[in-house]
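Reading through the structure tokens given below for one structure.
The values are calculated or read from the model by the stated rules, or taken from the named source; none is laboratory data. All values reported here derive from a predicted model rather than from experimental measurement. So basically every Cβ, Gly included, is an ideal-geometry build from the backbone, and we count neighbours across all protein chains shown. All accessible areas refer to the heavy atoms of the entire protein, side chains included, with ligands and DNA or RNA removed. Shrake-Rupley method; radii C 1.70, N 1.55, O 1.52, S 1.80 Å.
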Amino acid sequence: MGLDIKWSATLPGDSHHLLAIDPAGARLYAGDGWGSPSYASLSLRLIDMNNGRELVRLRTRYQRPRSITYRGSDLVLSTDSRLFQLRRSDLGVRKLWEHVPKLADALEIESDKLLMTNWLRPTAGIFNLESGHSGRWLLEAGLRPLRLQRRLAVYSLSSGLLRSLDLATRSSEIIFRGAVGRWVALAADRWLAVLTGPWKRTGNIEEPATATRELIVYDLSKGTERTKHLSRDTVAVEASNSSPYLWLIQRGPGPRVLPSIIERVDAETCKTVDTIAAPSGNDVVQVVADHAVVFFGRTLYRERQAVISCATVA
């Protein structure tokens, strides 16, 4: 394993920054995080992936950037209750929609229909990018969109159901029954990895366990499964369609709340390949498995900012 920290940049907000790498890998779209000192200046920033230099920024009108997907040469950005269609190259606004499903933390496009989910809610929003009309689709809580053999699918972490979706007809088909858990990822379009764990109701909200020590990997091609018991509290798993590696985001030793270690696991064998530790004083804030990139973060509480470092993994 080779870890190369390429650059660092300071962003407003303590945590939960939106960090999305353009499919070509040359640009980073970075949203201001929680605790930003000024709502009036909340922004999406376009950053050069080579050196961390900010190229341009877009004010998002008192709302925090939450999720991004791509539409041709544009990107679609969800904030708390708005949608922007922006040019990828300079964040120029092509369209703005004011009345859309709220608090979407994941977006997927199918033709002109946009699937909008929040992983703690049992409903998915469907927004028509041409007509501007939206609707709600009642499913189960813990919805995570996936692409399975290019088909749009969604896994419910609260029920363990994997469904294929047809947004045009608002219909679904159950294609797999897996484990209830905290997080899910699909590696190499074949291995479905679920961090298992119970869900509990708190008031009106169902929530998963904050961490787990069990991973189940389903081989969708062979119809088999493997269970791996983990030595550290694990909060998330990420994967890429081009690689069999799973990236497990874990807490370090001691009474830690935030993750500081990544354990890479071969999905086929469930054997550990290597581990990656965050630099001293930093936490793991995001893994972008498609580009083998890890973002580390160090919070500057007094300034209400965070120093985000970008590292590539060989």
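What to note about this one:
- Residue selected from segment 50-73 under the condition assigned to a strand (DSSP E or B) and open to solvent by less than 40 Å² (accessible area, probe 1.4 Å), by the criterion farthest from Val288 (Cα to Cα): Leu58
- All positions within segment 29-49 that are open to solvent by less than 10 Å² (accessible area, probe 1.4 Å) and closer than 16 Å to Ser78 by Cα: Tyr29, Ala30, Gly31, Asp32, Gly33, Leu42, Ser43, Leu44, Leu46
- The numbered conditions (1) within 24 Å of Asn241 (Cβ to Cβ); (2) touching a His at 6+ places or on another chain (Cβ under 9 Å) are all true for Ser134 except (1).
- Selection count, segment 84-130, where residues are within 19 Å of Ala168 (Cβ to Cβ) and part of a loop (DSSP other than H, G, I, E, B): 6
- Residue count, segment 225-246 (criterion: under 14 Å from Leu195 (Cβ atoms) and touching a residue at least 60 places away in the same chain (Cβ under 8 Å)): 1
- Restricting the search to strands (runs of 3 or more DSSP E) fully inside segment 259-314 and requiring at least 2 residues that are surrounded by 18 or more Cβ atoms within 10 Å (Cβ to Cβ) gives 259-266, 283-288, 293-300, 305-313.
- Strands (runs of 3 or more DSSP E) (entirely within segment 177-258) containing at least 1 residues that are out of contact with any helix residue (DSSP H, G or I) (no Cβ under 8 Å at 6 or more places or on another chain), farther than 27 Å from Ala314 by Cα and open to solvent by 60 Å² or more (accessible area, probe 1.4 Å): 199-202, 205-208, 224-239
- Among the candidates Arg163, Arg147, residue that is surrounded by fewer than 16 Cβ atoms within 10 Å (Cβ to Cβ) and not in a loop (DSSP other than H, G, I, E, B): Arg147
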